[in-house]
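K.L.:
Could you have a look at this structure, given as structure tokens, before my questions?
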Amino acid sequence: MSTTADTSLTDAVQIRPATADDAASVFELLKQLGTEYAPDRAAFDAAFDHAVDDSASTLMLVAEQTPDGVVGYAFATIAHLLHTNGSSAQLQELVVDSTVQSTGIGTRLVEAVEEVCQERGVRQLTVPSRGSADFFERIGYMSTADFLKRVFDQD
């Protein structure tokens, strides 16, 4: 249950499509993701430009709070899969600044991703999640598969 302070904080947050001007803020948030990859600014810039420019296969939203600026982002990819009889989206990254976590911003970002997916006719949204499964289960997601990966060295 949210407190009045939590509700006020979330109401002051605007969820919107990311723009090129958000790159520096999103890069700082990316550092909080805690993955095994150290963020590389050049690689990030290329990926971020693609995420912002290619609305057919990506969805990049930010949570902006006055006066703090961007305090969260959600990045999803969209693919036309054979077995889903249409498009399928996958929420690849969801980051909320550690100073405003547990205030509902993550939930609002996921709900905004869901809304855009529905508007685009996406049939399903999947979330590969290792560290935040409890969060997604609380907002209605269920575990249906394990994800395995192989990392390729880039020389």
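K.L.:
Could you run the Karplus curve 6.51 cos²θ - 1.76 cosθ + 1.60 with θ = phi - 60° over the range 15-21 and give me ³J(HN,Hα) per residue in whole Hz, x for Gly and Pro?
P.N.:
Each residue of the range 15-21 in turn: 9, 8, x, 6, 10, 4, 5 Hz.
K.L.:
If contacts are Cα pairs under 8 angstrom and at least 6 residues apart, what is the relative contact order of the chain in percent?
P.N.:
21
K.L.:
Let me ask something additional. Run the simple label-point estimate for Thr126 and Thr107 please: 7 Å along Cα→C-beta, distance reported in nm.
P.N.:
Distance between the two pseudo-spin positions: 2.7 nm.
K.L.:
Show that you can apply the helix-only estimate: for the chain, add -39,500 (n - 2.57) for every DSSP H stretch of four or more residues, divide by all residues, and state [θ] at 222 nm to the nearest 500.
P.N.:
After summing the helix terms and dividing by residue count, I get -9500 deg cm²/dmol.
K.L.:
Give me the percent of accessible area attributable to carbon and sulfur for the chain, probe 1.4 angstrom.
P.N.:
Of all accessible area on the chain, carbon and sulfur atoms account for 50 percent.
K.L.:
Check which residues have an amide H placed less than 5 Å from Gln124's amide H, if you skip close sequence neighbours.
P.N.:
Ala89
K.L.:
Name the long-range amide H neighbours of Ala18: under 5 Å, sequence gap of 5 or more, or other chain; modelled H, no Pro or chain starts.
P.N.:
Met60, Leu61, Val62
K.L.:
Still on this structure: Between exposed chymotrypsin sites (Phe, Trp or Tyr not before Pro) in the chain, where DSSP calls loop and at most 14 other Cβ atoms lie within 10 Å, what's the longest gap?
P.N.:
38-146
The values are calculated or read from the model by the stated rules, or taken from the named source; none is laboratory data. This is a predicted model, so every value here is computed, not measured. Glycine gets a Cβ as well: all are built from the backbone with ideal geometry, and neighbour counts include every protein chain shown. Accessible surface areas use protein heavy atoms only, side chains included; no ligands, DNA or RNA. Shrake-Rupley method; radii C 1.70, N 1.55, O 1.52, S 1.80 Å.
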